[in-house]
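Colleague: Submitted below is the structure of interest, expressed as structure tokens.
The values are calculated or read from the model by the stated rules, or taken from the named source; none is laboratory data. A quick note: this is a predicted structure, and the numbers were derived from the prediction, not measured. Neighbour counts are summed over all protein chains in view; Cβ atoms, including those assigned to glycine, are modelled from backbone coordinates with ideal geometry.
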Amino acid sequence: MDSILVRGNGPLNGQIPIAGAKNACLTLMPATLLSEEPLTLTNAPRLSDIKTMSTLLASLGAEVSSLNDGLVLAMSSHDLNNLTADYDIVRKMRASNLVLGPLLARAGQAVVSLPGGCAIGARPMDLHISALESLGAEIDLRDGYLHAKVAGGRLKGAVHEMRFASVGATENFVMAATLAKGTSVLKNAAREPEIVDLVHCLRKMGAQIDGEGTSEITIQGVDRLNGATHPVVVDRIELGTYMLAPAIAGGTVECLGGRFDLLQAFVDKLHDAGIDVSETENGIRVTRTGGDIHAVDVKTEVFPGFPTDLQAQMMAMLCTAKGVSNLEETIFENRFMHAPELMRMGANIDVHGGTAKVTGVAKLKGAPVMATDLRASVSLILAGLAAEGETKVSRVYHLDRGYEKLVEKLSAVGAHVERVSE
């Protein structure tokens, strides 16, 4: 099993290119199931989750080709010969549930295993189920699988209001409604950039959708969708992660392709912490040339609030801030599992339920630590950039799900980071 060794060695300087968004790509890929014509995605991230989704789509009969060193995904679903998303594939990744809506819209039926993924909370499927049932789907849970069908074979437009602005349920509803008969309206819809990106792609495929990026999305169903070529939006979580590297270790790093509008709440917190952040012609520049990091309070919220997927990384920075920071996690339960590992490095953290109190210390010290999920993994690596001595992060297979070429990208700006096999 691989580990990553990190040795704190001072400021970082240079440029880091930001990849296409994992969460956007994993949403865009199932959209191929909606059409018999080819869908091509450019700027695709090269991650294990993308390979898992490719395997899932192929199991349904789709053709998926990885081109240009993995940066282009060419897909075609002209011959769907299987409507069952098997547990052995789905268990590896929660985003697998996003095939449910497209299969119901295109084929009128589907059998999809309950999903797996990181151990950071239940992420129940009830929001997906109620959203699709509002469109006329009949869904039963039997033996760990969702058995779904549509009476008459075609979904019907409806007005549905979600009790929580779920990203995945919004995506499933929108994709399903593109081929439903009549008009559909989703209220309390999620507003994340990945949903906006999905709608832009679906519109290229011939879908009639309005309101993306707001809490109410309207979809006028069409009889069929065509093929398209679409670039995957920049990964705002990878962007925020690498913005924190110089904030923690010092120096100046330009994140190529970054945009403030993807992470405004996060950018505001960096400013409050005393970090210099500015937009450039090519992306976002982050500078910390000296002085203390100021303690700040953080509350995770749905977009456009502070992203839950940057909470662990932000905690790593606040471990050496001057003063006391309070982090409140409102999206997922059980998402402070990185805190005990940071404490092994000398951090002063007190967790009570969904709140973590972080009292800044002068310096972290390298230690053997264990990753518990994707974002926790990278938070420990970031902490190691500013720690004295060597930090060994074990169980880093989580990283391969969300960060491509992490060692190479950090090494290119001067970090001492090495991946080793044991």
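Colleague: Name the one entry in LEU399, LEU374, LEU385, LEU406 that is buried (at least 16 other Cβ atoms within 10 Å of the Cβ), of a type outside the set (Ser, Thr, Tyr) and touching a strand residue (DSSP E or B) at 6+ places or on another chain (Cβ under 7 Å).
Modeller: Step by step, each of LEU399, LEU374, LEU385, LEU406 is checked, and only LEU385 is buried (at least 16 other Cβ atoms within 10 Å of the Cβ), of a type outside the set (Ser, Thr, Tyr) and touching a strand residue (DSSP E or B) at 6+ places or on another chain (Cβ under 7 Å).
Colleague: Now for a different question. Looking at segment 254-289, which of the residues that are free of Cβ contacts under 8 Å to residues at least 40 places away in the same chain and small (Gly, Ala, Ser) is surrounded by the most Cβ atoms within 10 Å (Cβ to Cβ)?
Modeller: It comes out as GLY274.
Colleague: Right, something else. Failed condition for GLY346, given (1) outside any loop (DSSP other than H, G, I, E, B); (2) touching a Leu at 6+ places or on another chain (Cβ under 6 Å), with all others met?
Modeller: (1)
Colleague: Does LEU132 meet the test of being in contact (Cβ under 8 Å) with a residue 24 or more places away in the chain and in contact with a Ser or Thr (Cβ under 8 Å, 6 or more places away or on another chain)?
Modeller: no
Colleague: Separate question: Could you pull out every one of the strands (runs of 3 or more DSSP E) wholly within segment 235-333 that has 3 or more residues that are touching an Asp or Glu at 6+ places or on another chain (Cβ under 7 Å) and outside the structural domain of GLY168 (by TED's automatic domain parsing)?
Modeller: 283-288
Colleague: Sticking with this structure for a sec: Select from segment 60-75 the residues that are within 12 Å of LEU39 (Cα to Cα) and surrounded by 19 or more Cβ atoms within 10 Å (Cβ to Cβ) and list them in ascending order.
Modeller: Within segment 60-75, ALA62, VAL64, LEU73, MET75 meet the criteria.
Colleague: Also, I was wondering about something else. Quick one: in segment 209-227, which of the residues that are within 26 Å of ALA74 (Cβ to Cβ) and touching a Gly at 6+ places or on another chain (Cβ under 8 Å) is surrounded by the fewest Cβ atoms within 10 Å (Cβ to Cβ)?
Modeller: ARG224
Colleague: Before we move on, is ALA316 surrounded by 16 or more Cβ atoms within 10 Å (Cβ to Cβ), in contact (Cβ under 8 Å) with a residue 12 or more places away in the chain and touching a helix residue (DSSP H, G or I) at 6+ places or on another chain (Cβ under 9 Å)?
Modeller: yes
Colleague: Any chance you could count how many residues in segment 312-339 are over 22 Å from HIS294 (Cα atoms) and not acidic (Asp, Glu)?
Modeller: 6
Colleague: Would segment 376-397 turn up any residue that is closer than 12 Å to MET315 by Cβ, in a helix (DSSP H, G or I) and of a type in the set (Ser, Thr, Tyr)?
Modeller: Yes - at least one qualifying residue is present in segment 376-397.
Colleague: Condition first: surrounded by fewer than 14 Cβ atoms within 10 Å (Cβ to Cβ) and modelled with pLDDT of 95 or more. Now tell me which residues in segment 323-356 satisfy that.
Modeller: Of everything in segment 323-356, those that are surrounded by fewer than 14 Cβ atoms within 10 Å (Cβ to Cβ) and modelled with pLDDT of 95 or more turn out to be GLY323, ASN348, ASP350.
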